[in-house]
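All remarks here apply to the structure that follows.
The values are calculated or read from the model by the stated rules, or taken from the named source; none is laboratory data. Please read these numbers as outputs of a predicted model, since none were measured by experiment. Positions of Cβ are backbone-derived with ideal geometry, glycine not excepted, and every protein chain shown enters the neighbour counts.
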């Protein structure tokens, strides 16, 4: 006797959608696409900084998801599984996009994009996943195929690099309107470093 798949509707859980997608149900794929299209589009746009290239990347990523439906492990996060696909598609396209892009200087969005360009694509992707999509270190580690401790270490490097770049922009006078990413508090000066007469 065949196992009967759960009924399908717009409120169906992700795992039910994946079971139907494995069974080649096109309606299930449409539901999954609509459910995660915004996540994919936002990630691709921040990685590639180009609307048409981001849209193309989203379509390719979702087609890969359909083709790789058997790689999904039941019980694991569907969002993490999809982000692993988004991540690899964007990494493949990133070098070409970076060569093509010629951003204007002076606007906050371009300044932030310029700061992000100081990061290599792997660091850029991890910062975007954490800051804009609220993925945990464990989720990101699953996406990039590394241990959570490695991700934490690399994220510290990425935020330190961004902090230095935003500081450079502020010092140049070009980034007055830019909100910086959270930085570590400066260490208090020792008594020997305080100016004479200081309390």
Got at least one residue in the stretch 148-167 being out of contact with any strand residue (DSSP E or B) (no Cβ under 7 Å at 6 or more places or on another chain), modelled with pLDDT of 90 or more and within 17 Å of residue 86 (Cα to Cα)?
no
Identify, from the list 53, 68, the residue that is without any contact (Cβ under 8 Å) to a residue 40 or more places away in the chain, within 23 Å of residue 126 (Cα to Cα) and outside the structural domain of residue 143 (by TED's automatic domain parsing).
68
Members of the stretch 23-58 that are exposed (fewer than 15 other Cβ atoms within 10 Å of the Cβ), under 25 Å from residue 75 (Cα atoms) and over 16 Å from the mean Cα position of the chain (by Cα)
23, 24, 26, 27, 30, 34
Any hit, the stretch 99-107, residues being within 22 Å of residue 45 (Cβ to Cβ), modelled with pLDDT of 90 or more and outside any helix (DSSP H, G or I)
no
Just the residues that are free of Cβ contacts under 8 Å to residues at least 60 places away in the same chain and in a helix (DSSP H, G or I), please, taken from the stretch 126-143.
126, 127, 130, 131, 137, 138, 140, 141
Residue 119 being modelled with pLDDT of 80 or more, under 23 Å from residue 50 (Cα atoms) and not assigned by TED's automatic domain parsing to the domain that holds residue 42
yes
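A quick yes/no check of all residues on (1) assigned to a helix (DSSP H, G or I); (2) modelled with pLDDT of 90 or more:
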{"position": "3", "(1), (2)": "no, no"}
{"position": "21", "(1), (2)": "yes, no"}
{"position": "35", "(1), (2)": "yes, yes"}
{"position": "64", "(1), (2)": "yes, yes"}
{"position": "83", "(1), (2)": "yes, yes"}
{"position": "90", "(1), (2)": "yes, yes"}
{"position": "95", "(1), (2)": "yes, no"}
